[in-house]
Amino acid sequence: MEKNTRPVIEVRNLDLSYDDYAVMRDLNFSVNKGDIFVVMGPSGCGKSTLLKVLIGLKEPLKGEVLYNGVDFWKQDESAQQEMMRRFGVLYQGGALWSSFTLGENVALPLQLYSKLSSVQIREMVELKLALVGLTGYTDFYPAQISGGMRKRAGLARAIALDPEIIFFDEPSSGLDPLSARMLDDLIIRLRDILGATIVIVTHELASIFAVGDNAVLLDTESKTMIAEGSPKGLLADSKDPRVIQFLTRGEKQGVAR
Amino acid sequence: MPLNKLSFEHPSSNTLRLKLSGEWQIYAGLPAVEEVISELSSHKDITQLTFDLSEIGAWDSALISFLLHLMRECGHRKIQVIREGLPEGINNLLTLALKEHERTIPSKIKPASFLERAADKFLQLKAGILALVNFLGEIACAFGRFFTGKAYFRRQDFFGIVQRCGADALGLVSLISLLVGIILAFIGAMQLQLFGAQIYIADIVGIGMVRVMGAVMTGIIMSGRTGASFAAELGLMQVNEEIDAYKTLGISPVEFLVMPRVLALMIMLPLLTLYADFMGIVGGFFISTSVLGLNPVEYWHHTQSAVRLSNLWVGLVHGFVFGIIIGVSGCLRGIKCGRSAEALGEATTSAVVTSITSIVVATAVITFICQVLGV
């Protein structure tokens, strides 16, 4: 692939709605290739809605989402599907298909889109499960493993087709601090190994600082993004009390008494 | 004896002092705020309210809610509430509660007018119909791809579904249709005995079962069994974001999940209907020959001559249509399920209600068409 400096994802003037309500207006940001990009914001601010729009499940009210310069929502359905195939998504609860074993979960995308033989697919499945530390769990059903393992298995499925962009919906929610930390490390390692661009939606501060290269902060009250940049840089330089409050759990500056 | 006591003092003509004593706790119950209000209304010149809590015993949030209610009432009457006489703990709690009141401004909770609700209902209905038409279209497309060999779904899943909505239902279908056959025989016997024409029980049971009852009973059993299970299954997949996971992979949930289920029911329901017809006739035969004393051979011949092939076809068409109805309504309700436990329950209920209602309506329509065509 030729080297280009164009951002992988560009979001322009994006408005989002939930049911009949506009939840976010006028979002503008871009995600660079190979970055770990964090969408942060308080609960209920529209982070998950933004994710749904980014992964192509929900149409925005208005605005553009460009992948490598191509406007996703202007394409016809088959072109959209083509583009979605280059995404991997880890849903909040893992969203593993409960009637399939872990192996079948990871194998399905490969059966669908690869030209590999069934023996080769089995090898690939073993590899992806090994990458997330689940060697030997191929024949387990999702109900038989723990929540943290389910997330990792979901990640194995998300990276089955070596996606260009991997989306994470609240990766550390519901995990104990240690498992959350392990998942963060795994995210960084996968980015380095696969060279993928990663978008994470979360409000978990520890994760944000541990993995985030770049970030946007969404705000519920003003219904738009109020900061953009690297989380550490934002913490050091931002003058906006709302940003500082969010990044310090409200322990610094102008907390309402 | 009341645990708590409320008394009034009038230190000056425009001031009411409220003296609270005893225990003000949740379990002890509360005096009504109206007592204070009636006291306030009987003295029109009162402009401020003070408190004396020097003799108060144990208290908890019951006291706070009493005071908040009182303060709200005083606000309406433009009476100033002087909070100095309150202990610090109570005052802090009041401050906290009032602060929350100021902060949360409910913008959405506005009672809708009748017209607004009517319009909402209409829009919902329109959206519902559009969703149904859309869904039917998607299923039709999926079947189109299936018949051209392009549909993607797992064969082993399909056979699992066929087994679940076919072979696994045999026991229940046997029992119900056997009993329906018996019931038909008894009802027929009651009237036909008057004319000594009991042998026509064979006609009633045979035609009744084969033409409509076998299919309807199977349809109703399968709505409850399979329609509900499809709705619950797909609904839970929706709740767990499994359906989203299919979509992001470019797998059409309609093609992968719905089409095999509808197809399985389309195949299995006519077969189950055939089986139910047979079991119903066996039931009627058994009762007629053992209890009503008819000759088995004669009964058998009568059945053979009465039940024509056209009756069988009508029954099978019923079964086929019911299969589509049950499959579509079960899957539709499941896929459109909201993301909560309550929504899952609603999806299952409405899958069963929709399919049973549609089965009855479809039966009426098919019967009418047959009447017109003279089948």
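Quick note: the coordinates plus some simple rules give every number you see, no bench work behind them. The structure displayed is predicted, hence computed values, not measured ones. Please note: Cβ atoms are built from the backbone with ideal geometry, for glycine as well, and neighbour counts cover all protein chains shown.
Couple of notes before you dig in:
- With Cα atoms, 0 to 90° folded angle of helix B:88-103 axis to chain B main axis: 50 degrees
- In sequence order, region B:358-371 has phi-based couplings of 5, 5, 5, 4, 4, 4, 4, 4, 5, 4, 4, 4, 4, 4 Hz under the Karplus curve 6.51 cos²θ - 1.76 cosθ + 1.60, θ = phi - 60°, and Gly or Pro positions carry x.
- Rounded to the nearest 10 degrees, the inclination of helix A:102-113 to the longest alpha-carbon principal axis of chain A is 90 degrees.
- The charge dipole of the protein assembly as shown, taken about the Cα centre with unit charges on the Cβ atoms of Lys, Arg (+1) and Asp, Glu (-1), comes to about 940 debye, rounded to the nearest 20.
- When the Cα convex hull of region B:1-88 is projected onto planes of every orientation, the mean area is 5.5 nm².
- Over 26 Å apart at the Cα level, from the set A:Lys52/A:Lys151; A:Lys58/A:Lys232; A:Lys33/A:Lys232; A:Lys58/B:Lys121; A:Lys58/B:Lys126; A:Lys115/B:Lys247, are A:Lys58/A:Lys232.
- Placing unit charges on each Cβ (+1 for Lys and Arg, -1 for Asp and Glu) gives region B:228-357 a dipole about its Cα centre, and among B:Ser288, B:Ala306, B:Gly323 the Cα reaching farthest toward its positive end belongs to B:Ala306.
- Ordering A:Pro171, A:Ala236, A:Val23 by the projection of their Cα atoms onto the charge dipole of chain A, which places +1 on the Cβ of Lys and Arg and -1 on the Cβ of Asp and Glu, puts A:Ala236 at the extreme positive end.
- Helical contribution to [θ] at 222 nm, DSSP H n ≥ 4, -39,500 (n - 2.57), averaged over the protein assembly as shown, rounded to 500: -18000 deg cm²/dmol
- Residues B:Leu98, B:Leu312 arranged by fewest to most Cβ contacts within 10 Å: B:Leu98, B:Leu312
- Computed Rg/Rh of region A:97-162, alpha carbon atoms with Kirkwood Rh: 0.93
- Burial ordering of B:Glu34, A:Glu204, B:Glu342, fewest other beta-carbon atoms within 10 Å first: B:Glu342, B:Glu34, A:Glu204
- More than 34 Å apart - percent of Cα-Cα pairs taken over the protein assembly as shown: 62 percent
- Per-residue HN-Hα couplings for region A:174-181 [Karplus 6.51, -1.76, 1.60; θ = phi - 60°; Hz; x = Gly/Pro]: x, 10, 6, x, 6, 5, 4, 4
- Ranking A:Val11, A:Pro60, A:Val201 by Cα position along the charge dipole of chain A, where only Lys, Arg, Asp and Glu carry charges on their C-beta atoms, puts A:Val201 farthest toward the positive end.
- Restricting the calculation to Cα atoms, every distinct pair contributes to the Kirkwood radius of region B:155-373, found to be 18.4 Å.
- Along its three principal directions, the equivalent ellipsoid of chain B from the Cα gyration tensor extends over semi-axes of 70, 29, 19 Å, largest first.
- With Cα atoms, 0 to 90° folded angle of helix B:61-76 axis to chain B main axis: 70 degrees
- For region B:241-249, the Karplus equation 6.51 cos²θ - 1.76 cosθ + 1.60, evaluated at θ = phi - 60°, returns couplings of 6, 5, 5, 4, 4, 5, 4, 5, 7 Hz by residue, with Gly and Pro reported as x.
- Part-to-part distance (alpha-carbon centres) for region B:246-279 and region B:34-48, which is given in Å: 72 Å
- The protein assembly as shown - share of DSSP beta bridges that are antiparallel (%, nearest 5): 50 percent
- Long-range amide H partners of A:Ile200 with built H, under 5 Å: A:Phe37, A:Val38, A:Val39, A:Phe168
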